[in-house]
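To start, the structure under review is shown below, and the notes come after it.
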Amino acid sequence: MTDFDTANLIYLIVLGCAVMMWFFAVNRNSMGKTLQQAAMWGLIFIGVIAAIGLWDDIRSTVAPVQSVSRDGARIELPRAPDSHYYLDAVVNGAPVRFVVDTGASDIVLSRADAIRVGLHPDGLAFTGQANTANGLVRTAPVRLDSFDVGGITDRGLRAVVNEGDLNESLLGMRYLQRFTSVQITDGKLVLER
């Protein structure tokens, strides 16, 4: 802790003590009720802080998750709160989250996901081009050793690495065409082989 941090902490403690002394002085006639209300507000404050800190855990527990049938012939993806469908896959042994994008032709990896799966963009040849909502971007063709979704494994899939700014990898039609049925029903995207 630096001297500046220590000084700020001392200032906040003194200020908090002054506010509490003023609060008790003003409410000395009804101290029991005042303490009760202060305790209630303190518990509300602690509850809000706990809910914010645990929000990701709460959301993942309440929100439905993707499921794969036991025989590996059916994948169900629930619609996310942002109205997109996301598929969690293990690519070359590393977990990658894809946005299902029927407007994309290929499996498109972001630079960050490419690095995660062992493809280093600095060593790739960005010879292709793709038209995106953000304009024209260069792409590098790659082969994925393995692409696994809950036991459904494909090997040697063609994909591209996007050179532009892409927040999430895209799962395009080249992968979706491997399924005999692609349906959206009851807020779920259902893929069947």
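No value in this document is a laboratory result; all are computed from the given coordinates. These numbers come from a predicted model, not from an experiment. Cβ coordinates were reconstructed from backbone atoms using ideal geometry, including for glycine residues, and neighbour counts include every protein chain displayed.
Exposure proxy check: S83, S181, S110 ranked by fewest other beta carbons within 10 Å?
S83, S181, S110
Can you pull the one-decimal nm distance between simple spin-label points at S146 and V14, each 7 Å off the Cα toward Cβ?
6.4
Return Y86, Y11, Y175 ranked ascending by Cβ neighbour count within 10 Å, so the fewest neighbours appear first.
Y11, Y86, Y175
With a 10 Å Cβ neighbour count serving as the proxy for reagent exposure, in which order, fewest first, do D101, D82 appear?
D82, D101
In debye, nearest 20, what is the charge dipole magnitude of the chain about its Cα centre with +1 on Lys and Arg Cβ and -1 on Asp and Glu Cβ, if you could check?
So the dipole magnitude of the chain works out to roughly 360 debye.
Once you treat every alpha carbon in the chain as an equal point and sum by Debye, what is log10 I(q)/I(0) at q = 0.10 Å⁻¹?
The Debye formula, applied to the Cα set alone, gives -0.61.
Between L157, L166, L136, find the one with the highest GNM mean-square fluctuation for the chain; connect C-alpha pairs within less than 10 Å.
With Cα springs under 10 Å in the chain, the top fluctuation among L157, L166, L136 is at L136.
At each listed q (0.14, 0.17, 0.18 Å⁻¹), what is the log10 of I(q)/I(0) that the Debye formula gives for region 153-193 modelled as equal alpha-carbon point scatterers?
One equal scatterer on each Cα of region 153-193 leads to -0.45, -0.63, -0.69.
Quick one: if the Förster radius is 41 Å, what FRET efficiency do L43 and A112 give, using the C-beta to C-beta distance and rounding to 0.05?
0.50
Once amide H atoms are placed 1.01 Å from N in the peptide plane, what residues at a sequence separation of 5 or more from V161, or on another chain, have their amide H within under 5 Å of its amide H?
Long-range HN contacts for V161: L109, A140, V142.
Mean Kyte-Doolittle hydropathy of 0.0 or higher plus an axial Cα length of 27 Å or more: which whole DSSP H helices in the chain meet both?
3-26, 31-53
How big is the gap, in Å, between the Cα center of region 3-39 and the Cα center of region 96-175?
56
Packing-wise, with mean Cβ within 10 Å as the measure, how do 32-38, 89-95 rank, highest first?
Taking the mean over residues of other Cβ atoms within 10 Å, the ranking is 89-95, 32-38.
Please compute the modelled spin-label separation between V190 and V26, points set 7 Å along Cα→Cβ, answer in nm with one decimal.
It works out to 6.2 nm between the two label points.
Per residue of region 103-110, what does 6.51 cos²θ - 1.76 cosθ + 1.60 with θ = phi - 60° give for ³J(HN,Hα)? Whole Hz please, x for Gly and Pro, Karplus curve as stated.
x, 9, 7, 10, 7, 10, 9, 6
Starting from the Cα of I52, step 7 Å along the direction of its Cβ; do the same at D154; then give the gap between the two resulting points in nm.
4.3
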